[in-house]
Each structure stands twice: as C-alpha cells, then as structure tokens.
1. Work out, step by step, the length gained on full extension between Ser244 and Glu36: first 0.36 nm times the residue separation, then minus their alpha carbon distance; give nm to one decimal.
2. Along Cα→Cβ, 7 Å out, is where each label goes; now give me the distance between the ones at Val235 and Arg173 in nm to one decimal.
3. In what order, largest first, do Phe234, Phe292 sit by accessible area if the probe radius is 1.4 Å?
4. Given a 1.4 Å probe and the protein chains all in place, what does the accessible area of Asp328 round to, in Å² to the nearest 10?
5. Which of Leu8, Tyr210, Leu390 sits closest to the plus end of the dipole of the chain, meaning its Cα is farthest towards the positive end, when Lys and Arg get +1 and Asp and Glu get -1 on the C-beta?
6. Simple spin-label model, 7 Å along Cα-to-Cβ: Arg460 to Glu434 in nm?
7. PRE reach from Ala367 (point 7 Å along Cα→Cβ): which of segment 438-458 fall under 18 Å by backbone N?
8. Please work out the C-alpha center-to-center distance from segment 202-227 to segment 241-277 and express it in whole Å.
Amino acid sequence: MSSALSQLPKVDRVLEHPRLAELDWRRAMLRRLVNEAIAAERERVLAALAQQADPGEVVGASAMAERVRARVDAWASPHPRRVLNGTGVLLHTNLGRAPLPASVRAAVAEAAGTCDLELELATGKRGSRLAVLRPLLAALFEAEDVHVVNNGAAALLLACTALGRPGGVALSRGQHVEIGDSFRVADMAAAGGAPLIAVGSTNRTHLRDYGAALDGAEGGPGASALLWVHRSNFVQEGFVGEVSLSRLAGLAEERGVPLIADLGSGSLGAGLPADEPTVAAYLRAGASLVGFSGDKLLGGPQAGLLAGSAELIARCRRHPLARALRLDKLGVAALHATALAHARGQEAGPDLPLHRMYALSVDELRARAERLRAALGWSASCVRESAATLGGGALPGSEIASVALVPELSAVEAASARLRGQDPPLVARIHEGELWIDLRTLADVDDEELLACLRELPVRT
Ligand SMILES: *Cc1c(COP(=O)(O)O)cnc(C)c1O
C-alpha cells in the first residue's frame, strides 16, 4: 500500500516543472493547485486500495504539472465568454439575460475609466451618481421619482426594509413566488428585518385578509405596508381568486400604508407583448412603489429600479441599505444608455437586441432558416416551427412563434456538447430527443459565424 503512495510526486518537483515554472502566476496560488492535484491523486489511490483493487500507475511529476497547467489555463481564459443563444429563451438568466446593444457597451467602456460619476463638472462640487438617471427614468416610467439599486431583488429588499417596519409587510399566500435557484420573494422581502405577514390561502385571498393583517394581532402593531408580487413565472387556474391591484391600492390609501408592487419585469409596453403589465399601468392602478429589474423586459443591464411616490422613494434612498445596494458606475452608464434607447423608441419600440429578437416575423425567420439549411446541405425537414419564450420572469407559459433548425443526428447529447465546444460556443435546446437551434434568439448573430459552428455537426444528410 505505502509503495503506491510513496510514488506520489513531491510538491516542489511539480512546481519546478517547466510548464509551471514558466508561468508568471503567484507561486502561492500554484502551490495550492499542486497540493490539490496531489491530494486528488492520493484519494484515488487510497480508494482503489480500500477496495483491494490495483491503483494502477501513479501520476508522476510531469503529468501532474500538466494537470495543474490545464487548470491555470482554464482560469486564465476570459469569463464570462460570449456564447450564441440558440435556446429560444430570449431572456435566459444562465446566458446573462438581456444582450446589450453597441450603444450600451460603448457607454460602459467610457465609464470604465475615470469618470464624473459623482462630480458636477460645472461647479466642481460633489454630485449624485443618479443626477441624470433619476429624472430621465422618472419621465420614462411616468413616475414621480425613481431610485436605482443593483438588481430587482435589492429593490424589493430595500423597499420592504425601509417601509415595512415596525409592523411588517403583508403578502398574499398566492403570491409567494420562488424565482429560481430556490430564492423566494417572501424571504428576500424579509431579509432586512421587516417581518413578512402571510395572508389568505394559496388559491384565494380576500380584501378582508389584508384588512386583518393591517389591524394586527391583539396588542401588536398592524402591518406597515402591503406587498403585491407579480406572478411572473407561473399561472394559477381553478378555484382561485385574488384582490386586484387597484382594490388593494384603495385599501392601502384608506389605511395610510404604502403598497409596494414587485413587478419583476419592467415593461414599457412599446415593442413588447401587451399582456405583460407595464410599470406605468401598475402606478396608475395605485401602487405606491413599483420594483423591477433592469435586465428583463427593459432589455438593459442588471439593475433594480423603484418607481413611484417621491416621498417613499426619499425614505428608501435615506435608508442605510441604499448605500449597501447602490449601483456601480458600469451599471449607471449602461442603464443610462438603455433609458436613452427607450426614450427614442417610438411605437416600433427601442433599438435594443431584446426588442429586435421579439419583433422578427416568422416569415423572416423561415427565410433565414431556409438559407442556412441550403448552405449546410441539410434536408428540408430540418426547418421546423418552434416556440420561443421570453423567459426572465415574464409571461409565464406564453409562447412566441419561431423557427428552428433541427438537424438529423444520431447522438443528440454529444452533438449538443460539440456545439458548446465551438468558439464561440452555441447553446441549443434538447426537446423530445432532438436538438433544436432556435433562430429567434440568434437574431443578431452573423450567418457566417453560425454556419461555421453548425458545419461541425455530424448531420445525416
Ligand atoms: C426576477 C424577479 C425578481 C428578482 O429580480 P433580479 O433582478 O433577478 O434580482 C424579483 N421578483 C420578481 C417577481 C421577479 O420576476
């Protein structure tokens, strides 16, 4: 037993190997990687011996150095990398949600250096990072005022923490939404210390349920705020009922408490589906504050926005959490350029990649699919009608007619892995044992680039 273990290379021997010695990396980091690699090999040998199996040849110093080098090279390549989205999900959280247009990328690059983030150039005095963004966004969303933080969850946390004490925030059990990666809206709302008061039942909540929460339990304070959460990723059917946002707003007004509405996706309407509620519609319905993300239907960078009552926005802005959750200069620049794109987008909608993807007609998509198919020499049956979705917590269950290339393959998983291994990688969707490459989400990808990637597939023609 000890003979196999004694063959494990010494740390210094591996470190001295030319493949590691030539690196300009910190020695302590390389040493740690070498230690880990040797420990893994020791584990392997011990596991084999424990099962009375032959551990085989023990990895030597040279092969070990190669292993470590492979990890260093993997770390050294840029991340996140650009990928081609063939999934048909327009706002794919795993793929970085909304792709940003050139104007936004340019704004980010400009702000990345030294910039006037919090300096008034006219006076030389200290300014606010939101000096330009605030009135611009307020006008765009038809709100009294706007505050900006670093994501939608932070907007919710800030509003509930700043406005939900001492009595807590009342939320219908029918709106206890889980938004992915097992994060729950109710937990995020309560994370700042304002208690969350669950009202009603899963399928039905009545106005009197909210009323009871506002009255409070014996001796205790009533709820300090009402929370409405848009069911952004699921629908309820059957024996269900909820209080409309405007009726709830009536109750909030009567009792003098704020109504915070977590909309999730901040739609402006233009160029996007009419059945997704807009920020302005929520405000008109009487929400005191509406919270939403910058990188969902707004088509911009990761950010969280709060729009609504100037007085409540001021309370949020003064809360210490506002400082902890503030947006960085890259986000400010990106959101500013995104807001400009919306300001200039008339009925046709703003000139943003998300809106372009959404607007493509099925005829355009089919014509492109036919061109690509012909260039690849694939059979006619490879062009199929597909169903894209918005994703990113908007319009659950609703599909957008699309067109996909579905090549004839014998090993679908392997083909999918092969596409992910291209440069740039292409991410497709596996559906009922077939590989679907949806063209709607590939709207901005050059044909030549796409063809180069697809030619790598072992297609049966
Ligand atoms: C997406 C979503 C959030 C979280 O927004 P992030 O920008 O991802 O932090 C919160 N609430 C709802 C209803 C959502 O759909």
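1. The span from Ser244 to Glu36 would gain 69.2 nm if fully extended.
2. 2.4 nm
3. Sorted by accessible area, descending: Phe234, Phe292.
4. Roll a 1.4 Å probe over it and Asp328 shows about 80 Å².
5. Projecting each Cα onto the dipole axis, the largest value belongs to Leu8.
6. Distance between label points: 1.3 nm.
7. Counting backbone N atoms under 18 Å from the label point, the list is 439-448.
8. First find each Cα centre; the distance between them is then 18 Å.
The values are calculated or read from the model by the stated rules, or taken from the named source; none is laboratory data. Being a predicted model, the structure only gives us computed values, none of them experimental. Note: ideal-geometry Cβ built from the backbone for every residue, glycine included; neighbour counts use all protein chains shown. These area figures cover heavy atoms from the full protein model, side chains too; ligands, DNA and RNA do not enter into them. Shrake-Rupley method; radii C 1.70, N 1.55, O 1.52, S 1.80 Å.
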